[in-house]
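Beneath this line is the structure, given in structure tokens, with notes to follow.
The values are calculated or read from the model by the stated rules, or taken from the named source; none is laboratory data. Computed from a prediction, not measured in an experiment: that's the story for all the values here. Neighbour counts run over all protein chains shown; Cβ positions are idealised from the backbone, glycine included.
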Amino acid sequence: DAFSRATGGGQAAILDLAPRIAHSIAVGLEDNWSQVRYASAVCVRKLMTSMDFAVEDKEKLFPLLVPRMCLNRHYVAEGVKLYSLETWKVVMGTQGKKWLSQLIEEVIEYLEQQTKADNHAVREASCQTFSEIAVKLDESVIECYVVRIIHALIDCFKDQSWPVRDHACTACSLIVEKFPLIMDSPSGRNCLQEICELWLAHLADNIPSVRENSAKALGRVVKVFPSDHPICGIDRMVEACRALLPSVQNQKRDSSRYGTLSRETHFGSAHKIARDNDPELHTDQTLYSCGSLAPKLKRGGGCMDHGFSRQREPWEESDGALRMWRRLVEANPVAAGALLPEVVLLTKLDGDGFAHAPYFLETLWTQLGEAIPFLDKISVAAVAPEVTPALKSSQTCGHSLAESAAKVTQRRLQRAINSSN
């Protein structure tokens, strides 16, 4: 309304000023401040729904506005995200897929730029948008851009911000799953090799969800490649999993510092509690407030992989391997089921003095329990006597999530034994 009054309400004046107004709105739609993004989202809806000129005149603004509108549907600020989702429905109706297909070059180019943004929240949203358009648009529209998209996502997979790594991890797996032939072609094979190595490496990421999504990614892609594929075949993945599973045996213990504590649980939750309450570990350390990390989180790129700036913990490698094993069992129960004896060995570890052992224990029982329905029932029944003592011990370990996982797994184990008789 103010726009119409400022121009005297004339349609010609509105048409003349619309590109300039749209440019200003576009700048606001990619601002680092969420309040500015939100205000710009309000403006773009007003611009697209209240201007009194033909549809084709509005559509002339789409190449500039649509890529930004699309990305903001995944922006981390909830208000921006929800308003942008509703705006997309109001403006596009049922034509969103059509317009994204027509403007695919502009959308891809814009998202590539945003994966290099200083704001980690923008990089995160870019990964999510790449994932969405690659999966939802027709293959004929996306296939010639697959390698470009993967190159951008690989840089994000090396980001210092774990949500960026997390979304890049998932996006890569969805694209590889949908376009295996392109990724296995001469133009995409180098990218496939690098992605696969990143998935395997991020099984030891310090963030549990990144470990979980890396495992899901590997379980997803082995289904679309032959078992003997040299990069992503199940045979190679089983051997990689076999190599990582026993890593926890090399985990450095805390018993020298907390050795006077009682050994009342199988996996040493008393040691974890003592460590969590050790004032020396939590006094005079750097404090971070919400949002203050934004300018400090570096984007990935080239040979820089910020996800592994610290030394890996052996228990995290085994934790990721367990998550991977469960996904491989679902994809190929016979090949991955051969690792069941190695998994059983992990239940016999003496975890006393291992600060993160309760979390590892939770993962161990959760993954074993979820794998049981896919495994051969006779094999499961055969290892039950070896597993049962540790299962019972874990149900009183003092860590509620580990206790719950152990109880669920015991019920599933009993059902498997009953069905094998």
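Structure above, values below:
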item: Members of region 350-366 that are modelled with pLDDT under 90 and under 30 Å from the mean Cα position of the chain (by Cα); result: 351, 354, 355, 356, 357, 358
item: Candidates 153, 111, filtered to the one that is under 19 Å from residue 37 (Cβ atoms), crowded, with 21+ Cβ neighbours inside 10 Å and modelled with pLDDT of 95 or more; result: 111
item: So residue 44, is it assigned to a helix (DSSP H, G or I), within 34 Å of the chain's Cα centre (by Cα), free of Cβ contacts under 8 Å to residues at least 60 places away in the same chain and loosely packed, with under 14 Cβ neighbours inside 10 Å; result: no
item: Lone unmet requirement of (1) hydrophobic (A, V, I, L, M, F, W, C); (2) surrounded by 17 or more Cβ atoms within 10 Å (Cβ to Cβ); (3) under 22 Å from residue 243 (Cβ atoms) for residue 344; result: (2)
item: Criterion violated by residue 93 - all others in (1) under 18 Å from residue 149 (Cβ atoms); (2) surrounded by fewer than 18 Cβ atoms within 10 Å (Cβ to Cβ) satisfied; result: (1)
item: Extreme residue, farthest from residue 91 (Cα to Cα), among residues of region 23-52 that are modelled with pLDDT of 90 or more and small (Gly, Ala, Ser); result: 34
item: Among residues of region 194-233, those that are more than 21 Å from residue 312 (Cβ to Cβ) and surrounded by fewer than 23 Cβ atoms within 10 Å (Cβ to Cβ), counted; result: 11
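The rows are residues; the columns are (1) free of Cβ contacts under 8 Å to residues at least 12 places away in the same chain; (2) farther than 19 Å from residue 345 by Cβ; (3) more than 26 Å from the chain's Cα centre (by Cα).
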residue	(1), (2), (3)
368	no, no, no
378	no, yes, yes
381	no, no, yes
389	yes, no, yes
401	no, yes, no
407	no, yes, yes
411	yes, yes, yes
418	yes, yes, yes
